[in-house]
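Here is the structure we will look at.
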Amino acid sequence: MRITPFTKAFFIGFLSISGIFFAQEVEHNIDAAHDSSKDAKKKEIKADIDHHIQDSYSFTFFSDSETGKHYGFSLPVILWDDGLHIFSSSKFHHGETVAESNGNYYKIYHNKVYKTDAKGTISYDEEHHPTNAKPLDFSITKNVVMMFVTGLLMFLLFAGLAKSFKKGPIATGAGRFFEPIVLYIRDDIAKPNIGPKYKKFMPYLLTVFFFIWFLNLFGLTPLGVNVTGNIAVTFALALITFVITQFSGNKNYWKHIFWMPGVPVPMKFILAPIELLGVFIKPFALMIRLYANIMAGHVVLMSIIALVFLVQNWIGSGLSLVLAFFLSIIELLVAALQAYIFTLLSALYFGFAVEEHDHEEAH
């Protein structure tokens, strides 16, 4: 059979067009696979960030996503559910299995322990919220461990600082670095804002400053802790400031809240609820300010570092690393700044509570 030039041209054209469509299909599949891989990488990064900013029932230094191995140590889980239940968090296998204790079964769901059955069933309401019972949880979590470590570190540092003064008027060792900070808190925060009665508040002000500062610094290490970015921790710190303020308040403090001197009587009825509301707004602002700043810093820093793995070129990756480096320097300043602000505002509130007023002179 003789093949004419027209037939040859037809087949060549057909093969060329088929090749073009095939190449486009291959390219489309490659792009789709690349997009799918990128989406999977984004989900993995988001999960890592969520894991970093949340508390945990085990202390994990790092993990291998390919093998699924976690390198760290387990922590004790302490629950009260018709009796005391104490067991190791290793029973949860990082939230993958159900833990059994004295015939009861428990499961970690969204970083909380729920009572369940042997299969780990979680029931939901109409809004997709778990309806399983939650036992009282007194577990030693990762954040609790870091608070213990910080407390021990502070005890050792300042016990050594106190002992060094027995040898002479000049501090020795690490005390040379911390002594100016202690004097700054006394002379520039406590005295100006509290007044003559500042001494009885100094132990708390020093404790809360160094406690927050050290925890903020630990949060910038690869240990993956986010203690002051936990609203339960900032709530507890703000609550302590609130309680000390109210129990330290003198009669002038309460009088300026409920019956302000020098103000017309009708205005007193209007201002009293506002002043009373302010009593609760102040510690609330303390809680939210510390929590929001530290949480935002962790999320932004980790998101910028994650760009190194998402941007597929050396220019973008290099810029991400440089930006992450400078942001880390800023976070070091924020760590001290947030401790300073919390301490300063606490001193201001204490000053309001113990301030003496000369009402006759005001009239």
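The values are calculated or read from the model by the stated rules, or taken from the named source; none is laboratory data. Please read all numbers here as calculations on a predicted model, not as lab measurements. Cβ placement follows ideal geometry from the backbone for every residue including glycine, while neighbour counts extend to all protein chains displayed.
What do you reckon, is LEU239 buried (at least 17 other Cβ atoms within 10 Å of the Cβ) and part of a helix (DSSP H, G or I)?
No; evaluated as a whole, the condition is false for this residue.
Does LEU323 fit the bill of being under 33 Å from the mean Cα position of the chain (by Cα), farther than 26 Å from LYS199 by Cα, buried (at least 18 other Cβ atoms within 10 Å of the Cβ) and at pLDDT below 90?
For LEU323, the condition - under 33 Å from the mean Cα position of the chain (by Cα), farther than 26 Å from LYS199 by Cα, buried (at least 18 other Cβ atoms within 10 Å of the Cβ) and at pLDDT below 90 - is not met.
Every residue in the stretch 84-117 that is basic (Lys, Arg) and either surrounded by 16 or more Cβ atoms within 10 Å (Cβ to Cβ) or closer than 13 Å to SER74 by Cα (or both), please.
LYS91, LYS107
Please go through the stretch 92-122 and give me each residue that is touching a residue at least 24 places away in the same chain (Cβ under 8 Å), within 27 Å of PHE218 (Cα to Cα) and aromatic (Phe, Trp, Tyr), ordered by number.
PHE92
Examine the stretch 33-45 for a residue that is among the hydrophobic types (A, V, I, L, M, F, W, C), modelled with pLDDT of 65 or more and not in a strand (DSSP E or B), and state whether such a residue exists.
Yes, the stretch 33-45 contains at least one residue that is among the hydrophobic types (A, V, I, L, M, F, W, C), modelled with pLDDT of 65 or more and not in a strand (DSSP E or B).
Let's see how each residue does on (1) surrounded by 14 or more Cβ atoms within 10 Å (Cβ to Cβ); (2) not basic (Lys, Arg):
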| position | (1), (2) |
| --- | --- |
| GLY160 | yes, yes |
| PHE165 | no, yes |
| TYR184 | no, yes |
| PRO192 | no, yes |
| LYS200 | no, no |
| TRP213 | yes, yes |
| GLN246 | yes, yes |
| ILE257 | yes, yes |
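Name the residues in the stretch 218-232 that are over 12 Å from the mean Cα position of the chain (by Cα) and either under 20 Å from GLY175 (Cβ atoms) or of a type outside the set (Val, Ile, Thr) (or both), would you? Outline the logic, then answer.
Taking the stretch 218-232 and keeping what is over 12 Å from the mean Cα position of the chain (by Cα), we get 221-223.
Hits for the stretch 218-232 are PRO222, LEU223.
Filter the stretch 255-284 down to the residues that are within 28 Å of LEU237 (Cα to Cα), touching a helix residue (DSSP H, G or I) at 6+ places or on another chain (Cβ under 9 Å) and not aliphatic (A, V, I, L, M) and list them by number.
Once the filter is applied, which keeps residues that are within 28 Å of LEU237 (Cα to Cα), touching a helix residue (DSSP H, G or I) at 6+ places or on another chain (Cβ under 9 Å) and not aliphatic (A, V, I, L, M), the stretch 255-284 yields LYS255, HIS256, PHE258, GLU275, GLY278, PHE280, LYS282, PRO283, PHE284.
Check the stretch 142-151 and report whether any residue there is surrounded by 15 or more Cβ atoms within 10 Å (Cβ to Cβ), over 16 Å from LEU223 (Cβ atoms) and in contact (Cβ under 8 Å) with a residue 12 or more places away in the chain.
Step one: list which residues in the stretch 142-151 are surrounded by 15 or more Cβ atoms within 10 Å (Cβ to Cβ), which gives 142-147, 149-150.
In the following step, the residues that additionally are over 16 Å from LEU223 (Cβ atoms) were identified as none.
Checked against the condition, which is being surrounded by 15 or more Cβ atoms within 10 Å (Cβ to Cβ), over 16 Å from LEU223 (Cβ atoms) and in contact (Cβ under 8 Å) with a residue 12 or more places away in the chain, the stretch 142-151 yields no hits at all.
Is it the case that THR221 is assigned to a helix (DSSP H, G or I) and either touching an Asp or Glu at 6+ places or on another chain (Cβ under 6 Å) or among the polar types (S, T, N, Q) (or both)? Before the answer, list the steps.
Working: assigned to a helix (DSSP H, G or I): no; either touching an Asp or Glu at 6+ places or on another chain (Cβ under 6 Å) or among the polar types (S, T, N, Q) (or both): yes.
Judged against the criteria, THR221 is not a match.
Just give me the residues in the stretch 123-141 being in contact (Cβ under 8 Å) with a residue 12 or more places away in the chain and in contact with a strand residue (DSSP E or B) (Cβ under 8 Å, 6 or more places away or on another chain), in sequence order.
Passing the criteria: PRO130, ASN132, ALA133, LYS134, PRO135, LEU136, ASP137, PHE138, SER139, ILE140.
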